[in-house]
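The values are calculated or read from the model by the stated rules, or taken from the named source; none is laboratory data. For clarity, every value in this text was computed on a predicted model and none was experimentally measured. Cβ sites come from the backbone with ideal geometry, for glycine too, and all protein chains shown count toward neighbours. SASA here: full protein model, heavy atoms, side chains in, ligands and nucleic acids out. Shrake-Rupley method; radii C 1.70, N 1.55, O 1.52, S 1.80 Å.
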Amino acid sequence: QVQLVESGGGLVQPGGSLRLSCAASGSFFELSAMGWYRQAPGKQRELVATVSTGGSKNYADSVKGRFTISRDGAKNTVALQMNSLKPEDTAVYYCWGNLRYDIWGQGTQVTVSS
């Protein structure tokens, strides 16, 4: 069974930064893609950023220029550097991976508030 474990969430002031990390563990060859989604109260889960095995990156328009997704050479970890955070970024952030099926982390809370 493949598991995704997240870390790095917390409380930060507007304009601050956080770095989220996600590590995949278990018996598998390679995740075809990894990324981050988020879900705010009363809203559906939405894509934040993804990165493919080939290194192609996609970002939600709302985070372009502020967030950076990265994936290590082993393709087993993914990070999300979040800069210039806004209150609207407050949500539970979920690590996501695809291995013929979707895999989700447990979620980590990010709260942006003064």
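Let's see how each residue does on (1) out of contact with any Phe, Trp or Tyr (no Cβ under 7 Å at 6 or more places or on another chain); (2) under 19 Å from LEU11 (Cβ atoms):
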position	(1), (2)
GLU46	no, no
LYS57	yes, no
ASP72	yes, no
VAL78	yes, no
LYS86	yes, yes
TYR93	no, yes
GLN109	yes, yes
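Which residue, of ARG100, ARG19, is on the phi > 0 side of the Ramachandran plot and not small (Gly, Ala, Ser)? Can you show your working first?
Working: ARG19 fails: on the phi > 0 side of the Ramachandran plot.
Criteria check complete, one pass: ARG100.
Take the range 61-99 and flag every residue that is in contact (Cβ under 8 Å) with a residue 40 or more places away in the chain, among the basic types (Lys, Arg) and more than 17 Å from ALA40 (Cβ to Cβ).
If the condition is that a residue be in contact (Cβ under 8 Å) with a residue 40 or more places away in the chain, among the basic types (Lys, Arg) and more than 17 Å from ALA40 (Cβ to Cβ), then LYS75 is the only one that fits.
Of everything in the range 1-37 that's among the aromatic types (Phe, Trp, Tyr) and at pLDDT 90 or above, which residue is farthest from the chain's Cα centre (by Cα)?
Only one residue fits best here, namely TYR37.
Being over 20 Å from GLN106 (Cβ atoms), open to solvent by 60 Å² or more (accessible area, probe 1.4 Å) and assigned to a loop (DSSP other than H, G, I, E, B): is that true of GLY65 here?
yes
Would you mind finding the one in GLY42, GLY54 that is open to solvent by 20 Å² or more (accessible area, probe 1.4 Å), in a loop (DSSP other than H, G, I, E, B) and either touching a residue at least 60 places away in the same chain (Cβ under 8 Å) or over 16 Å from ALA91 (Cβ atoms) (or both)?
Checking each option against the conditions leaves just GLY54.
Does ARG100 fit the bill of being modelled with pLDDT under 95 and of a type in the set (D, E, K, R)?
yes
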